[in-house]
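Asks: Here it is: the structure, laid out below.
The values are calculated or read from the model by the stated rules, or taken from the named source; none is laboratory data. Since the structure is predicted, the reported quantities are computational estimates derived from the model, not experimental observations. Cβ: placed from backbone, ideal geometry, glycine included. Neighbour counts: every protein chain shown.
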Amino acid sequence: MSGDLRQDLCDALSMMERAEVIDFNGHMSCRLAGSANILINSGKSVRSALAPADVIEIDLDGKPVGHDVVPPMEFHLHSAIYRARPDVNAVAHTHPVWSTLFSSAGVAVEPVTMQAAVMGPIQTFGKTASINQRPLAEELAAALGTHRVIMLRSHGAVTVGANILEAFVLAIYLEETARRQYLARALGTPYALTAAEVETIGANLRRPNLLQKVWDYHLARLRRESR
């Protein structure tokens, strides 16, 4: 990671777009250290051609800081989670292809890969709606609770982390787990990790250097494809 929050958000969003975790919509944010404000990609930003200039600063009420660029309509989703979770410093709202199939069908994504253990229990939000109002966003934050991942029925997913790296990796892990579970069902019933296995494996695979490997892999692919 570059250490420049705008560049890192831009890279994370670009990598998720290439991995079909976001599409023409989708947004990611992070807290600004020493401030109540956040950085987020603008509502008008083109997700397939992002640059750091597309990342804007807003307060938790969605008011632009130092500019007049409008944030995504669903900025409330980010604000509500930050208000409820002091431990969260990055939020990704994605529109993943495979895992959204599961939420549309009402089928749970299970820990069928070792990496899935890093996500912990996946929560669900039963309403199908754009999270563009504060009360609805607060319902979502309450449904997420103290967890890291929540799926929005027929809509997408939200992952949160202590930093951009963690929120990004969880979004990748959710989609990859759903894809493999879907494919494995063509052969039979895929094995899901037990609660004890999730605890043990998750603690082992949550190490920062292993999360960094995921980032580095996708960043190298992004750089190669951008040549």
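Asks: Any idea which residue in segment 15-57 is surrounded by the most Cβ atoms within 10 Å (Cβ to Cβ), counting only those that are under 17 Å from LEU77 (Cβ atoms) and among the polar types (S, T, N, Q)?
Replies: Result: SER29.
Asks: Additional query: Hey, VAL169 hits all of (1) crowded, with 17+ Cβ neighbours inside 10 Å; (2) modelled with pLDDT under 95 but one; which does it fall short on?
Replies: VAL169 satisfies all of (1) crowded, with 17+ Cβ neighbours inside 10 Å; (2) modelled with pLDDT under 95 except (2).
Asks: Mind checking which residues of segment 178-227 are surrounded by fewer than 13 Cβ atoms within 10 Å (Cβ to Cβ), of a type in the set (D, E, K, R) and either under 20 Å from the mean Cα position of the chain (by Cα) or at positive phi (or both)?
Replies: Passing the criteria: ARG207, LYS213, ASP216.
Asks: On to the next question. Answer yes or no: is there a residue in segment 131-140 that is not hydrophobic (A, V, I, L, M, F, W, C) and not in a helix (DSSP H, G or I).
Replies: Yes, the conditions are met somewhere in segment 131-140.
Asks: May I pose another question? In segment 151-200, what count of residues is obtained for those that are more than 24 Å from HIS78 (Cβ to Cβ) and among the β-branched types (Val, Ile, Thr)?
Replies: The qualifying residues number 4.
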